[in-house]
Amino acid sequence: MASLPLFEHRLLHAARRDGVGTARSEATAGPRLPEIGGHALNGRERLAEAAFAQFGRVDVLVNNAGMSPLAPSLIETSEALFDKIVDVNLKGPFRLSVLIGTRMAQASGGSILTVASTAAFHPQPEYMPYGAAKAGVVNLTMALAKAFGPTVRVNCIAPGPFLTDISTAWRDDQAYAQSLTLRRFGKPSEIAGAALYLASDASSYMTGQVLRVDGGSWSR
């Protein structure tokens, strides 16, 4: 089971940018697993096998794969786009969590983090498939916590608007920023503490929970 500091443990991180999936393991005290590229769905079995072959165990899994492309309209949301959004945001984290979580539970346990979004709680027509998939991640988190407890904890971070490399559509929207309780968008560094907390023994009595890191978007 992971405890602070995390650098003594094996952390598996799955991410996605611009439709291309990558995954890597991070462990400063020892060898690293090379990045494994490819589609988030096709590469998940290879990723799990490579991690366990290299390190023998995984203490923390962070499901940070996600994409939120917008269609011109609801009627123009194609089957292919809808399926891709659901595959990456929901099916991928499900499968990777099951592959890793099953082996965690059979060993000494661990911590799994999923990443939802405040879009799961604020349904909007313009990002309906994405919001629905992220709402599914919330449900997934709770169900996985029951499936893999008591030795594996599963928790979720629900970020609000963060200034990342995919925030170009709204990063200059000051009206949006001012609608938040903190009156600004988040910086990527401001979500690291939440991830560390949920991944570590600092949250040892938490599982199946959703932690919103959103600058107060609930007040909108």
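Assorted remarks:
- Matching residues, segment 110-124, being farther than 20 Å from residue 47 by Cβ and among the small types (Gly, Ala, Ser): 116, 117, 119, 120
- Residue in segment 59-78 that is in a helix (DSSP H, G or I) and buried (at least 16 other Cβ atoms within 10 Å of the Cβ) present: no
- For residue 148, the requirement of being under 29 Å from residue 100 (Cα atoms) and at pLDDT below 95 is not met.
- Any pair with Cβ under 6 angstrom, 6 or more apart, that starts in segment 77-92 at a residue that is of a type outside the set (A, V, I, L, M) and ends at one that is not in a helix (DSSP H, G or I): 77/71; 87/41; 89/66; 92/40; 92/41; 92/65
- Selection count where residues are assigned to a helix (DSSP H, G or I) and under 14 Å from residue 159 (Cα atoms), scope segment 199-220: 2
- Long-range neighbours under 8 Å by Cβ, at least six apart or interchain, first residue exposed (fewer than 15 other Cβ atoms within 10 Å of the Cβ) within segment 149-165, second part of a loop (DSSP other than H, G, I, E, B) and at pLDDT 95 or above: 149/207; 151/109
- Selection from segment 99-119 of residues that are touching a residue at least 40 places away in the same chain (Cβ under 8 Å), more than 27 Å from residue 215 (Cβ to Cβ) and assigned to a helix (DSSP H, G or I): 99, 100, 101, 102, 103, 104, 105
- Qualifying position, being among the hydrophobic types (A, V, I, L, M, F, W, C), exposed (fewer than 13 other Cβ atoms within 10 Å of the Cβ) and farther than 18 Å from residue 122 by Cβ, among 145, 192: 192
The values are calculated or read from the model by the stated rules, or taken from the named source; none is laboratory data. None of these values were measured; they are calculated from a predicted model. For neighbour counting, all protein chains shown are included, and Cβ atoms are generated from backbone atoms with ideal geometry for every residue, glycine included.
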